[in-house]
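S.K.: What follows is a single structure, and I will ask about it in a moment.
The values are calculated or read from the model by the stated rules, or taken from the named source; none is laboratory data. Keep in mind that this is a model prediction, so the values were computed, not measured. Neighbour counts run over all protein chains shown; Cβ positions are idealised from the backbone, glycine included. Protein only, heavy atoms only, side chains kept; ligands, DNA and RNA dropped before computing areas. Shrake-Rupley method; radii C 1.70, N 1.55, O 1.52, S 1.80 Å.
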Amino acid sequence: MHFFTYKNKNLFAEGVSIEKIAKKTGTPVYVYSHKTLMRHYAAFTSAFKTVPHLICYSVKANSNIAVLQTFAQEGGGFDIVSAGELYRALKAGADARKIVFSGVGKTTDEIEYALKNKILMFSVESPQELRALDATAKRLKKKAAFAIRVNPDVDPQTHPYISTGLKKNKFGIEPVAAMKEYVYAKNNLKNIVPVGIDCHIGSQLTKIEPFIDALAKTKKLLSSLRGQGLDIKYLDMGGGLGITYDTEEPPHPSRYAEAVIEATKGLGVTLIFEPGRAIAGNAGILVTRVVYMKQGAEKNFVIVDAAMNDLARPSLYGSYHAIRPVKDIGASEITADVVGGICESGDFLAKDRIIPKPKPGDLMAVMSAGAYGFSMSSNYNSRPRAAEVMADGNRFHVIREREKLSDLVRGEKLIKGRKGK
Ligand SMILES: *Cc1c(COP(=O)(O)O)cnc(C)c1O
């Protein structure tokens, strides 16, 4: 459920017309709906209200500080995967004691930065990282709370690039080895404290079963750890709940919660969830303007001013995003590829799509672009990155200015003292 709807055939974000926003900011522009973000966040908090829990929004899905501010003000926590994300979360007013730090490649500098800011816990993904965490904590004369991210070898039945809980994936430690690491840490690593177990098996899951299968394995580990006298307080189930892009029918957070609450009854833990896509995905759209219509030898192309550098998901995963006209005047339909201006054949937003035939200058909305949209964008082909806007009731705020050409070379330097001809 989201608040991008047509009023008199014009697409609106809440009470603001998309055309008005595009006029103000130019295109391409990401438009988010504050009400939708709040509604999706609340779907999680209310689904788990009967049990101790913490919702740690996954920053990488959409890391604009105004988006993070929205959840920080609701008392939410954050799941981060880099020092940069911690910096953003703190800028947005996050409570560091509600931040969990995941990722396989945390550097010593990143660990240090997070320790100094007193985050809730580190989700450790390898034996070497565990030792690095202990050594850094020792150097700083601190105690670091940690969970081990368990790799349960469960197939999340999603795109291979976003499966993370299979043996062949780089993430986490398999349960038997994880057990050994916890015990080793307890006996030998004096500057780290085991407080949780973490498990995140992938993204865009549309079924509950893989979550519950993974949970069964983490529960087993939890009981072994407690048997060894470890005080495990947190069970972090990661994120991964899918959304509807096309015809998917993912479970509602309340159904997911029912199953999880049932399966964790009596465990005496605080549950942590790290939703990203389920909160932000359908809370944002990418608005783009048609530059040219081109009839190729075999295909129609709608060439727009957004491209794979703005929204990488179609190119990267072959993802489907619905494309809608901003002014729905009931034009006759065509089948076309909607493509950007980048010099790659992989640069497309939609392939063989039936859409109302647009004309140059028309605005189109790429739907469900609120998660892994702007946050994955780049400057490839030296294209300034898009503006971002937050619609809020009848008002809207520019929450990121469009990049200027001068931003493209910020930090770059000509070589001094080289003489040309
Ligand atoms: C990416 C990620 C998430 C969020 O995943 P979604 O599918 O967007 O909910 C949560 N936890 C970890 C560790 C992640 O890497």
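S.K.: Counting only residues 5 or more places away or on other chains, whose amide H sits under 5 Å from the amide H of Arg400 once H atoms are built in the peptide plane?
M.R.: Distant-sequence amide H within range of Arg400: Glu388.
S.K.: Let me ask something else. Taking the Cα centroid of segment 61-105 and of segment 23-53, what is the distance between the two, rounded to the nearest whole Å?
M.R.: Centre-to-centre distance over Cα atoms comes out at 15 Å.
S.K.: Here's a follow-up. If you place +1 on the Cβ of every Lys and Arg, -1 on the Cβ of every Asp and Glu, and leave all else neutral, what size is the dipole of the chain about its Cα centre, to the nearest 20 Debye?
M.R.: Here the chain has a charge dipole of around 1440 debye.
S.K.: Using the structure shown, list the pairs from Lys357/Lys404; Lys35/Lys294; Lys180/Lys217 with a Cα-Cα distance above 27 Å, or answer none.
M.R.: Lys357/Lys404; Lys35/Lys294
S.K.: What nm distance separates the two modelled labels at Lys180 and Ile329, each placed 7 Å from Cα along Cα→Cβ?
M.R.: Simple spin-label model gives 6.9 nm for this pair.
S.K.: At a 1.4 Å probe, what is the % contribution of carbon and sulfur to the accessible area of the chain?
M.R.: C and S atoms contribute 51 percent here.
S.K.: Continuing with the same structure: Evaluate the relative contact order of the chain (contact order divided by residue number), counting alpha-carbon pairs under 8 angstrom at least 6 apart; express in whole percent.
M.R.: Relative contact order comes out at 20 percent.
S.K.: Between Lys351 and Thr45, how high is the FRET efficiency from 1/(1 + (r/R0)^6) when r is the Cβ-Cβ distance and R₀ = 35 Å? Nearest 0.05.
M.R.: 0.40
S.K.: Could you tell me which GluC sites (Glu not before Pro) in segment 391-421 are loop residues by DSSP with no more than 11 other beta carbons within 10 angstrom of their beta carbon?
M.R.: In loop regions of segment 391-421 (DSSP not H, G, I, E or B), the sparsely surrounded GluC sites (Glu not before Pro) are Glu412.
S.K.: Sequence-distant or interchain residues sharing an amide H contact under 5 Å with Lys106, placed H: which?
M.R.: So Lys106 has HN proximity to no qualifying residue.
S.K.: Amide H neighbours of Tyr6 under 5 Å, at least 5 residues apart or on other chains, H built in the peptide plane: list them.
M.R.: Residues meeting the amide H criterion: Phe12.
S.K.: For segment 199-224 and segment 127-197, what is the centre-to-centre distance using only Cα atoms, to the nearest Å?
M.R.: Taking the Cα centre of each part, segment 199-224 and segment 127-197 sit 16 Å apart.
S.K.: Among DSSP bridges having both ends in segment 103-232, what percentage is antiparallel? Round to the nearest 5.
M.R.: 10 percent
S.K.: Explain nothing, just the number: relative contact order of segment 109-154, from Cα pairs under 8 Å at least 6 residues apart, as a whole percent.
M.R.: 48 percent
S.K.: Exactly which trypsin sites (Lys or Arg not before Pro) in segment 115-152 are in a DSSP loop and have at most 16 other Cβ atoms within 10 Å?
M.R.: Lys118, Lys141, Lys142, Lys143
S.K.: Which whole-angstrom value gives the distance between the alpha carbon centres of segment 285-326 and segment 386-401?
M.R.: Answer, in whole Å: 22.
S.K.: Under 8 Å for C-alpha pairs, at least 6 residues apart: give me the relative contact order for segment 34-278, rounded to a whole percent.
M.R.: Dividing the mean separation by the residue count of segment 34-278 yields 21 percent.
S.K.: Considering only Ala307, Leu166, Asn10, whose Cα is most displaced toward the positive end of the charge dipole of the chain, charges sitting on Cβ of Lys, Arg (+1) and Asp, Glu (-1)?
M.R.: The one lying farthest along the dipole's positive direction is Ala307.
S.K.: Still on this structure, please answer the following. Per DSSP H run of n ≥ 4, the term is -39500 (n - 2.57); total these for the chain, divide by its residue number, and report the mean residue ellipticity at 222 nm rounded to 500 deg cm²/dmol.
M.R.: That comes out to -8000 deg cm²/dmol.
S.K.: Which residue, chosen from Gly276, Thr244, Met121, occupies the Cα position most advanced towards the positive end of the dipole of segment 34-278, where the dipole is computed from +1 (Lys, Arg) and -1 (Asp, Glu) charges on Cβ about the Cα centre?
M.R.: It is Met121.
S.K.: When only DSSP loop residues count, what trypsin sites (Lys or Arg not before Pro) in segment 339-415 have their Cβ near at most 11 other Cβ atoms within 10 Å?
M.R.: Listed in order of number, the matching sites are Lys404, Arg410, Lys413.
S.K.: On to the next question. Across segment 300-306, in residue order, what do the Karplus-derived ³J(HN,Hα) couplings come to in whole Hz, using 6.51 cos²θ - 1.76 cosθ + 1.60 with θ = phi - 60° and x for Gly and Pro?
M.R.: Rounded to whole hertz, the list is 8, 10, 9, 9, 10, 8, 9.
S.K.: Shifting gears a bit: Peptides 292-304, 152-164, 198-210: what's the order by average Cβ count within 10 Å, highest mean first?
M.R.: 198-210, 152-164, 292-304
S.K.: Peptides 58-65, 231-238: what's the order by average Cβ count within 10 Å, highest mean first?
M.R.: Packing order, densest peptide first, comes out as 58-65, 231-238.
S.K.: How much length would be gained if the chain were fully extended between Lys116 and Thr247, taking 0.36 nm per residue of separation minus their Cα-Cα distance, in nm to one decimal?
M.R.: Net length gain for the segment: 42.6 nm.
S.K.: Could I ask something else about it? Any idea what Rg and Dmax come out to for the chain if you just take the C-alpha atoms, in Å?
M.R.: Values for the chain (Cα only, Rg and Dmax): 23.0, 78 Å.
S.K.: What list of ³J(HN,Hα) values in whole Hz, one per residue of segment 265-277 in order, does the Karplus curve 6.51 cos²θ - 1.76 cosθ + 1.60 (θ = phi - 60°) give from phi, with Gly and Pro shown as x?
M.R.: 3, x, 6, x, 10, 8, 7, 10, 10, 10, x, x, 4
S.K.: Quick one, can you get me the convex hull of the C-alpha atoms of segment 11-146 expressed as volume per residue in Å³?
M.R.: Hull volume normalised by residue count: 128 Å³.
S.K.: To continue, here is another question. Quickly rank 281-288, 186-193 as a protection proxy: mean count of other C-beta atoms within 10 Å, highest first.
M.R.: Highest mean packing first, the order is 281-288, 186-193.
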